[in-house]
Structures are given as structure tokens and as C-alpha cells.
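See below for the structure under consideration.
The values are calculated or read from the model by the stated rules, or taken from the named source; none is laboratory data. Values in this document were obtained by computation on a predicted structure and should not be read as measured data. As a convention, Cβ positions derive from the backbone with ideal geometry for all residues, glycine included, and neighbour counts pool all protein chains shown. Just the protein is used for accessible areas: all its heavy atoms, side chains included, with ligands, DNA and RNA removed. Shrake-Rupley method; radii C 1.70, N 1.55, O 1.52, S 1.80 Å.
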Amino acid sequence: MSDYPVARVADVLAGKVPPGSKVTIQGWVRTRRDSKAGVSFIHVSDGSCFDPLQVVAPNTLENYAKEVQHLSSGCSVVCTGAVTPSPAQGQSVEVQAESVRVLGWVEDPLTYPIQPKKSSYEYLREVAHLRSRTNSFGAVARVRHCLSMAVHRYFHEHGFLWIHTPIVTASDCEGAGAMFKVSTLDLANPPRTPEGKIDFTQDFFGKQAYLTVSGQLNVETYCMALSKVYTFGPTFRAENSNTARHLAEFWMIEPEVAFNDLTADADLAEDFLKYIFKALLNERGDDLKFFADRVDKTCIERVQKFVESSFERVSYTEAIAILDKAPKKFEFPVKWGVDMQSEHERYLTEEYFKKPVVVMNYPKEIKAFYMRQNDDGKTVAAMDVLAPGIGEIIGGSQREERLELLDRRLVEMGLDPKHYWWYRDLRRYGTVPHAGFGLGFERTIIYATGLGNIRDAIPFPRTPGNAEF
RNA sequence: UCCCCGGUAGCUCAACGGUAGAGCAUGUGACUGUUAAUCACAGGGUUGAUGGUUCGAAUCCAUCCCGGGGAGCCA
């Protein structure tokens, strides 16, 4: 082995390595082509950028016939040699190999699941442990990382603290959907109370516990001391949802800001989304170009337009009026007081406004207990951000900071205020107006990339009946 | 969970009641500073599973399993 410094493919291709310098490249073979001129061209990817690096292996290498000519897609290699300008089209620089060492062979190239050709996303989901080696999933991973970092950078630069809210929760009424149960009890033979019910006092946490469906209630406690906070972590919904937009395990971003009202909340959502999409445009042009070429021609344009134009803002009442006058027959009739269906949201954002829309001030009956009641007595300070192509991407609200009104809503909705004792305490001790929202991270990714299914926006999708990997 | 559509070679698909085929991939050879290279030849299949109808089923029927699209729930 030589002692040449290890270089990332991204740095070599970006010209950060001076021509003539000798480097070590570590990665996986994408394709190999042999030339009778006495060289083989090996495209090596290490995941650091979209494009692979061309390694030119001459037939004078001692393992040329025995090994180099048998390299197939997926083999892991360590190559050393000089970086030189490429005489041929297709790449600016390449590496003239002095050595090509094979670390791992593909034991049966015929049945290697990842072949250098188009494979369907459906098929690749069945080989999720290997799909990271494809152009598509490498690009998704880099986009996901880029957006993650941008999320943290935005909040950090704007004075927010990242709060690590718990994954396991014992409040069974977070109100955002069905929950997964967490237990160490023997399922076949659980301890029983005298009444014959399962005795959760003997369970690990001494009471029934669940996986969180939202960090919001917890993060509000930190908001009431640290002013600007956010969560960014996994959340879980045990809904039997089988759609291209739902996961049982997904990542959510939930900022919460003290002293903010609903308008400030919508302003934050807009400013924040534009920031992370700008970062994506600046940093991952190579991957976005791939998505534009292969997945969705309009994706770059869409993200650019998103960054440049302002969100449309309408009240729920106005939105209903627009839908009422729409020259279009809806399957579900539109009426003030009912929740909007997918077809309604789509019409607003895709046909009527043709851009992201913030719908604000929904009827209180169709929204959660913690949302702040407006003076009209009919609506709450809730907002949804609707985006063309995916529908609801953000759901948020100003929170009810007045204890009396909060309690009234709890009772109206059949909830027991006792179960929310610590949440209510926030209103008893130094309460202030505050607002926040939840952004589905994977939905953000499919919006930006044009991916058709949310299961391809997360490395290992969990959906009903699917947790193989 | 409901409504549609689909499961055929390693992958993408064709054949739609009468001997199961192509492209890519793989192997061999030819050719070439090549670019998902090209050309020739070769190997490769209990047609998702189980029953049924039929002289005969990949094809028709039933049930189940798996996948996709749409709906609901939501982020």
C-alpha cells in the first residue's frame, strides 16, 4: 500500500486536488469498461457527490488480468495514482492508477440486486440495505443531510435552542393520532388487576407508555423559559395509513416561540422554508439536477419559485368561499365548518393560487384542544401550509395560553384536565402567548425532489406491515 | 381500513386458453480513451401461493400473500 493521502471523490472532481498530485481513492465500483488500448475505465463512487470518479487502470498492473478485468458493479476498491486532466469527454479529471486493490468482491455478479441500470423504486424498497448504492438513494441521502443541516443552521442563527423531547411518553392523549404502545410486560401472560384488566402499574414505567406522536407539549415547557425552541426528531403514528404521503415513523420539525401570534408563526414558517430550500439550491445542485432529469422535470423550478415568491395567505372562511365559487365539481361538498378534503386543498394550492398557501383560522370543532380561541367564538388561531403536489406540509397554531379557556376546551372535547396537569401548570405560572408548528421532514424532501413516494425519502421506511430492515 | 390495478429470467417488460420471448445484466469472443459503449454467441424460468374449471391454464374462477395508485387519518 502506498501512503498517498486519501481524497474524497467530490474534492477531486471539484478541482480541489492539484493536477499531478497522487491520491488514494476509496469506494465502490459503479461500472467497468475495458479498452484494448490497454486500459480499463473504472467508475468509482464514494458517495461524496453525485458523479463517480474515473480511475484509469493500465494493463501493466500486476493484478490487471486476474482482478481488475473481473471487477463488477458493487466491488469495493482502494485505488492510488495521480490526478490528471482527462483527455476524453465526460469528466474533467481522472486518476491514473498505480494500484487497484480489491477489498470486497461481489460474490455473484449475476444476482447482485443493484445493477447499473434503471430499477424501479418499488423494487429498490425490497433491497433497502443495498439501495443506498444507487444514484437515486445517494442523491436522496445527500439532499436529506443538506436539509437537516440547514434546519439546524437556521434555528441556531435565529437564537433557537434544540430541545431533545422524549421518544417515550406516558401522556396518552397527545391528540395527534393512534399511538404505539411501549411495554415490557409478558404479552402472553400480563399481570392483571382484581377487575381483570392489565395491570400497568407493574409495567416498566409504572403506567401505560407510548411512542410519541409529537414533541409539542413537551417542547412548550422549554418555550416557557427559553423563548425560542425547536424539536427535530422521530415521531410515530400507529395509523393504518397506506399512502404515498404517510409513514409510521417519520421525522418532524417543531419550532415553538414565546410571545408569537399566528401571523408571526406563519412568517416564521415561510422564512424558515425558504432558508432551507435556498441552502438546497446552493449546495446540492448536482443531486437536484438528477431529480430534474430522472424523476420530476419541474423540481428545480418549483423550489426556485418557492424561494422567490411569497406565500398566499387566506382565512379558512375565505378559502371556503373560493371553493364554493370554483368552476369545478368536488366529490365532497364544501361547507363552512367541515374539514377540507384532499381535493379541496389541491384545488387551492395547485389550481387557484398555483403556489404555497397558508390557510388560517379554522373552525374550532375540527382542530386540537390546545389551539387559541379567536374572539369570534367560532374559530381558532390555527394554520396549515399547503404545497402543490403534496398538500399539507405544515400544521401549526397559536396556543391557548389562558387557563380558563384551555380548560373549557378540554372539557368540551371530552378530555380530562387532570391528565394535562403539567401542561396546565404552564398557564398557571407566568403564561405568555406563544405559537409553533410541525413540519413533516420527509414531505419536505418529496416536495423538493419530486419523489412520488414518501417511503423513498427516509432510509428505512416503516409502514403498516413493513419493518424488514 | 375501503376502492381500483398489478405480481412471468437477476432487473424492466411481452405473450392474455394451445410448445414461455425480448432488452438490459452475467459468461465467452470481436472491437474500441471508454462514458448506462457497440457487435456476435451462450447460459438463465415449478409464470407470487394454494385450490378449482378445462383435453389443455402465465392466461379463466376462488381464497390468501406481496407490491403500486386513489380515499380516509395526518406531518
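The number of residues in segment A:363-381 being in a strand (DSSP E or B) and in contact (Cβ under 8 Å) with a residue 40 or more places away in the chain comes to 3. For A:Ala467, the stated conditions do not hold, so it cannot be described as more than 9 Å from RNA strand B (Cβ to nearest atom) and open to solvent by less than 20 Å² (accessible area, probe 1.4 Å).
Restricted to segment A:32-50, and to residues that are near RNA strand B (Cβ under 10 Å from one of its atoms) and open to solvent by less than 40 Å² (accessible area, probe 1.4 Å), which residue is farthest from A:Leu130 (Cα to Cα)? Per the criteria, the residue is A:Gly38. Which residue pairs have Cβ atoms under 6 Å apart, sit 6 or more places apart or on different chains, and have a first residue in segment A:47-62 that is on the phi > 0 side of the Ramachandran plot and a second that is open to solvent by less than 30 Å² (accessible area, probe 1.4 Å)? Every condition considered, the pairs that remain are A:Gly47/A:Gly138. Residues in segment A:319-329 that are of a type outside the set (Lys, Arg) and either under 31 Å from the mean Cα position of the chain (by Cα) or loosely packed, with under 10 Cβ neighbours inside 10 Å (or both): A:Ala319, A:Ile320, A:Leu323, A:Pro327. Any residue at all in segment A:431-444 that's more than 9 Å from RNA strand B (Cβ to nearest atom) and modelled with pLDDT under 90? No, the conditions are met nowhere in segment A:431-444.
Every condition in (1) surrounded by fewer than 14 Cβ atoms within 10 Å (Cβ to Cβ); (2) within 14 Å of RNA strand B (Cβ to nearest atom) holds for A:Gly159 except the one numbered (2). Being β-branched (Val, Ile, Thr), under 27 Å from A:Lys274 (Cβ atoms) and away from RNA strand B (no atom under 13 Å from the Cβ) is a description that applies to A:Val380. Scanning segment A:445-460 for residues that are within 10 Å of RNA strand B (Cβ to nearest atom) and not in a helix (DSSP H, G or I) yields A:Leu451, A:Gly452, A:Asn453, A:Ala457, A:Ile458.
Of everything in segment A:235-259, what is away from RNA strand B (no atom under 14 Å from the Cβ) and open to solvent by 30 Å² or more (accessible area, probe 1.4 Å)? Give them in sequence order. Write out each step before concluding.
To start, the set of residues in segment A:235-259 that are away from RNA strand B (no atom under 14 Å from the Cβ) comprises A:257-259.
A:Phe259, the sole residue that qualifies.
Taken over segment A:278-318, the criterion of being open to solvent by 50 Å² or more (accessible area, probe 1.4 Å) and over 18 Å from A:Ala448 (Cβ atoms) is satisfied by A:Ser310, A:Glu312, A:Arg313, A:Thr317, A:Glu318.
The condition of being surrounded by 15 or more Cβ atoms within 10 Å (Cβ to Cβ), modelled with pLDDT of 90 or more and out of contact with any Phe, Trp or Tyr (no Cβ under 7 Å at 6 or more places or on another chain) holds for only one of A:Arg372, A:Arg399, A:Arg409, that being A:Arg372.
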